[in-house]
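The values are calculated or read from the model by the stated rules, or taken from the named source; none is laboratory data. Quantities reported herein were computed from a predicted structural model and do not represent experimental measurements. Cβ sites come from the backbone with ideal geometry, for glycine too, and all protein chains shown count toward neighbours.
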Amino acid sequence: MAHGRRRASPRYASGCDDERLLALELRLDRDLVPPPPPIARDMFKKFQPSTDVSGQVSVKTSVQRSIRNNILSQWKITPETLEQIWPKKESLTLVKCATPADPFVLPRVRIDRGAIRFLLAGAHMMCPGMTSAGGELPPASAALPANTPVAIHAEGKEHAAAIGITKLDTEEIKRLNKNVGVETVTYLGDDLWKLQQL
């Protein structure tokens, strides 16, 4: 081995930025929670507000009230939790770039430890990573259809590491057990996650 070159850990020897992936996984270990990211079909590896946000407009009070009622009726969330996330006195601004979603109220899937480094590099999630011993999909009674936004959790971690959209229904993911099962939309450490303000 040449002097001055550090040997990469076998766990991260995949041609990716090993130190960056290790740092991101350590952030997961410390349970740092990413801000709620938007859902969109394109990945947010490079998100620039100056070009990716087309406009902003204040939302009328009556529309905000309707949105709050819809959130409470459609998502698994209590009024008290919603008040903590979005206090009634706070105004709402519509930013025209994507549909907001919070990983705490989305249905969840879990990947095994072996898939974490690929997720943190922006890869889509393969079916075997969710059907293995460390992975998890909803039971048949709560199966999710294709094109469902999901929070992607990782084995041994408390908080979601990414948001994605199912390519197949979850029962089909279990049956096929190959190819991409969930398209990764935004993940811990991408440009959208690092964005401080619009």
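Across the range 71-127, the number of residues qualifying as in a strand (DSSP E or B) and either modelled with pLDDT under 85 or not aliphatic (A, V, I, L, M) (or both) comes to 7. Can you confirm whether the range 137-151 contains a residue that is in contact with a Phe, Trp or Tyr (Cβ under 9 Å, 6 or more places away or on another chain) and buried (at least 24 other Cβ atoms within 10 Å of the Cβ)? No, every residue in the range 137-151 fails to be in contact with a Phe, Trp or Tyr (Cβ under 9 Å, 6 or more places away or on another chain) and buried (at least 24 other Cβ atoms within 10 Å of the Cβ).
Under the condition of being over 23 Å from Arg117 (Cα atoms) and part of a helix (DSSP H, G or I), the residues counted in the range 142-175 number 4.
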